[in-house]
């Protein structure tokens, strides 16, 4: 506690400076979103490893909301879909309907190796394919599961902050 007090007296602030902007080009549709992105998360058939990391990315440590992104409950309020897991037979139609409910312009982000290329669930009996086989994917986040920093970096590409 004493170290924090000394830091505040020396610098006048507690927070560190923001990290540099993310590398790479943002998806074309995200340029129209203008810095604030409402995100609807859809679990299309994952093991929930990616969900834990999404929770960490939007939690108090990584705080993805400070970059202008917010998780919403309805696809009708969303600008982007954050899709995790392989697309199972039972989730293919609900995923398509959720995508159709998101107003234009919309962005689809495939989170994790399963969403990108089926990962360890490739050729399983209940799997239709990766998210890109069902929906047009604008941005992919690699990893099994991806680290919260990678998720925050992708959110920053969407918001441009």
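Just so it is clear, none of the values below were taken in a lab; they were calculated from the coordinates. Computed from a predicted model, the values in this text were never measured in an experiment. No Cβ is skipped: glycine too gets one built from the backbone with ideal geometry, and neighbour counts run over all protein chains shown.
Can you give me the distance in nm between label points at residue 104 and residue 61, each placed 7 Å from the Cα along the Cα-to-Cβ direction?
4.1
Where does each of 141, 128 land when they are ranked from fewest to most other beta-carbon atoms within 10 angstrom?
Values: 141 26, 128 17.
By the 10 Å Cβ count, ascending, the order reads 128, 141.
Hey, quick one: spin label on residue 77, modelled 7 Å out along Cα-Cβ, who in region 96-111 has an amide N within reach, i.e. under 20 Å?
97-109
So between residue 149 and residue 48, what do we pick up on full extension, going 0.36 nm a residue minus the alpha carbon distance? Before the final figure, lay out each step's value.
Values: separation 101, 0.36 × 101 = 36.36 nm, distance 1.75 nm.
That works out to 34.6 nm of additional length.
Fewest to most neighbouring Cβ within 10 Å: what's the order for 114, 47? Could the numbers behind the result be given before it?
Numbers: 114 28, 47 18.
Ascending Cβ contact count within 10 Å gives the list 47, 114.
Would region 35-159 count as rounded, prolate or oblate if I go by the C-alpha gyration tensor, calling it rounded below 1.5 in a/c and otherwise prolate when a/b exceeds b/c, oblate otherwise? Mind showing how you got there, number by number?
Working: a/c = 2.00, a/b = 1.28, b/c = 1.56.
Since a/c reaches 1.5 but b/c is at least a/b, the shape of region 35-159 is classed as oblate.
Can you sort 125, 62 from fewest to most other Cβ atoms within 10 Å of each residue's own Cβ?
On the way: 125 6, 62 19.
Ascending number of Cβ neighbours within 10 Å: 125, 62.
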